C-alpha cells in the first residue's frame with residue numbers, strides 16, 4: 001500500500017497556506033517548500049515536506065484546476081447552443097446530458113430482442129420525471145429573480161426621476177413601462 005503524501009498529512013491551516021503560496025505566481029515551489037517547513041518547525045511539528053512532494057501536489061492541483069476550467073468552458077459553449085440564460089449553466093448542461101443518456105438508453109433497450117424489464121422502465125421514467133421537475137424549479141427561480149430585478153429597477157427609476165422633479169404621472173408611466181404594465 002502506498003504511503004500517504006506528507007502534503008495530505010499537513011494540518012488544515014498549513015495546507016491552506018501552502019495552497020495560497022502555490023497560487024501566487026511570484027512564489028516558487030522551492031520558496032513554498034521552505035516557507036511551509038519553517039511554519040512546521042515554528043509550530044513544533046516533526047514532519048517536513050519535500051520539494052518533490054510540493055511539486056507533485058502542485059501538478060495535481062493544476063490538473064484539477066485545468067479540468068474545472070475545461071468543464072466551465074464546455075458548459076459555456078453548450079449552453080450557448082442550448083439556451084442563453086447564464087445562470088446555472090453547468091446544471092442545465094448536466095440536465096441535457098442526462099436527458100440524452102436516458103433517451104439513448106431507452107432506444108438501446110427497445111432495440112433488443114428481450115423485453116425491457118419493468119423495473120428498468122420505472123427507474124428511467126422516475127429519473128426523467130425528477131430531471132424535468134428540477135429543470136422546472138430552476139426556471140421558476142430564474143423567473144422570480146428576473147421579476148425582482150425588474151421591480152428593483154423600476155423602484156430605482158421612480159426615486160431617481162422623482163428627485164429630478166418629474167411629475168408623478170410621468171414617473172408612473174415610465175415605471176409602468178419598465179414593469180411591462182403600460
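The values are calculated or read from the model by the stated rules, or taken from the named source; none is laboratory data. A quick note: this is a predicted structure, and the numbers were derived from the prediction, not measured. As a convention, Cβ positions derive from the backbone with ideal geometry for all residues, glycine included, and neighbour counts pool all protein chains shown.
Which of the residues belonging to the stretch 22-31 are more than 19 Å from residue 65 (Cα to Cα) and touching a helix residue (DSSP H, G or I) at 6+ places or on another chain (Cβ under 7 Å)?
The one that is more than 19 Å from residue 65 (Cα to Cα) and touching a helix residue (DSSP H, G or I) at 6+ places or on another chain (Cβ under 7 Å): 30.
Restricting attention to the stretch 46-69, which residues are touching a residue at least 24 places away in the same chain (Cβ under 8 Å) and either loosely packed, with under 11 Cβ neighbours inside 10 Å or outside any helix (DSSP H, G or I) (or both)?
The answer is 47, 48, 49, 50.
In the stretch 114-151, which residues are free of Cβ contacts under 8 Å to residues at least 24 places away in the same chain, surrounded by 11 or more Cβ atoms within 10 Å (Cβ to Cβ) and not in a loop (DSSP other than H, G, I, E, B)?
Across the stretch 114-151, the qualifying residues are 120, 121, 123, 124, 125, 130, 132, 139, 141, 146, 147.
Could you list, in sequence order, the residues of the stretch 124-182 that are under 30 Å from residue 107 (Cα atoms) and modelled with pLDDT of 90 or more?
Passing the criteria: none in range.
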